[in-house]
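Worksheet for the structure shown next.
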Amino acid sequence: MKKEEDSREKSLQALTAIFQRGDFGLAITEAKKVIKDHQSATAVNILALAHKRLGEIDRSVEIYENLLINNPSNTMFLANLGNIYSDQGRLTEAQELFEKVLSVDANHINAYLGLGNVYVMQAKNDLALRLYEKMQSEVRDIPAEQLQKINYRVAEIYRKGGEEHFDAAIKHYGLSNQRLSMSHRLECIYRSKNKAVYEKEAAALSELGHIDPLIAAVQTHASIRYGFQDRNAFCTDSFRFISHSKLSASEGFDRGLTDRLLTLAHELESSPQALINKGGQSAGNLFLLNDPAISKIKAIIESRIAHYREKYQQFDAGLISKWPPQTTLHGWFIDLKKGGSLGSHMHKEGWLSGSLYLKLSKPEGASEGNIIFDLDGGNYPADDRDFPSKELDIEEGDIVLFPSSIFHKTVPFSATERRVTLAFDVKPDLLVRA
Ligand SMILES: [Fe+2]
């Protein structure tokens with residue numbers, strides 16, 4: 001018996017090591033052998049996670065759903081499936097699973113984090129804040145890494161609560177070490193403190209070699225407002241990096257594909273989006289959906305991104321030279337109704353962003369439904385300075401790629417038909433340092 005346990009333990013260790021080094025294909029093969037030899041639930045979990053990491057989400061969901069038939073109260077399976085549902089935008093189902101985990105194990109940190117995440121995606125920020133407070137008072141011995149994650153989420157909620165909560169936000173960002181902690185901290189300082197305090201904090205952050213779209217947006221804004229040279233490491237003179245062109249049938253962008261994408265845009269569960277007036281945004285990452293149209297449009301976008309990187313190769317900008325080693329393409333639909341518009345924003349979690357126009361009807365020569373890029377935004381204090389802006393004349397079938405640091409919004413339109421955009425971000429997977 002002891003021999004069998006040793007062999008099982010060894011097999012699981014080897015399998016975990018394969019998964020952790022990122023060889024997901026081999027992890028699937030090996031997991032199946034371990035499951036056959038030892039009937040291990042841990043191996044089945046690794047099998048499901050490996051499918052998830054390879055983008056085979058449906059397979060992963062199927063494995064968890066099957067596992068839960070015989071193990072309906074297994075907290076690991078419930079929480080992992082909850083995370084997948086959450087990623088897919090199936091928020092109600094995700095919430096039910098996380099609540100079930102917490103009813104079985106009131107100290108389950110990942111379920112708290114998952115449920116808080118669902119609340120935030122549902123714009124229930126007060127509920128999320130109370131949940132994180134409850135977690136910190138009731139769960140003992142929370143690991144430092146998890147505490148930092150919680151502090152970041154709490155800081156986010158305070159920041160979104162408005163300027164009177166910025167001191168609390170600055171404090172909680174300072175207690176966290178997530179990718180955007182320091183940039184958001186600087187942003188809150190820029191919005192609420194004086195020039196001298198901002199300059200000191202910005203210089204300290206530059207010393208660390210920090211680079212991301214958010215700090216770039218803040219630094220560019222401050223350089224115009226205070227009249228000094230923009231030295232942000234991401235990209236200066238950022239309008240040069242906006243690339244606008246048309247998609248063609250020869251690259252696979254045809255009527256059939258557009259129609260299928262429009263149907264999907266209509267069917268997906270939407271997530272509240274404060275910036276959208278008269279319309280909705282699909283929840284989760286649409287590139288996780290298993291549909292031939294999604295795979296096809298993903299390949300087209302990936303090819304355009306590769307071309308973009310080539311086109312700007314000679315430009316001196318961290319955007320190109322410090323392109324993150326590992327990235328994920330994240331996409332969502334924005335479906336606007338008559339008179340709808342999308343307010344000014346930038347994509348802080350992105351690196352390179354884009355929009356692809358699936359449906360847009362407008363009178364000849366009108367600016368309705370166009371996209372406007374602007375170096376002013378985010379409710380940053382502008383002190384009556386003039387900030388450059390640039391409007392692109394958009395037509396159906398256009399694709400626009402731009403640095404995620406630039407603020408942008410749409411011009412409201414009056415057509416009775418919907419205006420449907422597929423928006424996307426190339427997101428860095430790992431912490432990016434200069
Ligand atoms: Fe956007």
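Close Cβ contacts (under 7 Å, 6 or more residues apart or on different chains) running from residues in the stretch 229-249 that are closer than 13 Å to Pro403 by Cβ to residues that are of a type in the set (A, V, I, L, M, F, W, C) and open to solvent by 20 Å² or more (accessible area, probe 1.4 Å) comprise Ala233/Ala434. Output the residues belonging to the stretch 300-319 that are closer than 20 Å to Asn232 by Cβ, open to solvent by 20 Å² or more (accessible area, probe 1.4 Å) and touching a residue at least 60 places away in the same chain (Cβ under 8 Å). Across the stretch 300-319, the qualifying residue is only Phe315. Looking at Pro324, is it surrounded by fewer than 21 Cβ atoms within 10 Å (Cβ to Cβ), over 25 Å from Arg90 (Cα atoms), more than 14 Å from the ligand (Cβ to nearest atom) and under 18 Å from the mean Cα position of the chain (by Cα)? Taking the combined requirement at face value, the residue satisfies it.
Among the residues of the stretch 229-244, the one identified as exposed (fewer than 13 other Cβ atoms within 10 Å of the Cβ) and in contact with an Asp or Glu (Cβ under 9 Å, 6 or more places away or on another chain) is Asp237. Considering each residue of the stretch 198-207 in turn, none proves to be surrounded by fewer than 19 Cβ atoms within 10 Å (Cβ to Cβ) and not in a helix (DSSP H, G or I). Of all the listed residues (Leu352, Leu342, Leu360), the sole one being at pLDDT below 95, within 13 Å of the ligand (Cβ to nearest atom), of a type in the set (A, V, I, L, M) and on the phi < 0 side of the Ramachandran plot is Leu342. Arg240 passes all but one of (1) assigned to a helix (DSSP H, G or I); (2) more than 30 Å from Ile189 (Cα to Cα); which number fails? Tallying (1) assigned to a helix (DSSP H, G or I); (2) more than 30 Å from Ile189 (Cα to Cα), Arg240 fails exactly one: (2). Among residues of the stretch 363-373 being within 14 Å of the ligand (Cβ to nearest atom) and out of contact with any Lys or Arg (no Cβ under 7 Å at 6 or more places or on another chain), the one that is farthest from Arg225 (Cα to Cα) is Asn370. For Ile297, the conditions (1) at pLDDT 95 or above; (2) surrounded by 17 or more Cβ atoms within 10 Å (Cβ to Cβ); (3) within 15 Å of the ligand (Cβ to nearest atom); (4) closer than 30 Å to Ser414 by Cα are fulfilled apart from (3).
The values are calculated or read from the model by the stated rules, or taken from the named source; none is laboratory data. Worth saying up front: this structure is predicted, and the values here are computed from it rather than measured. Cβ sites come from the backbone with ideal geometry, for glycine too, and all protein chains shown count toward neighbours. The area values use the complete protein model at the heavy-atom level, side chains included, leaving out ligands, DNA and RNA. Shrake-Rupley method; radii C 1.70, N 1.55, O 1.52, S 1.80 Å.
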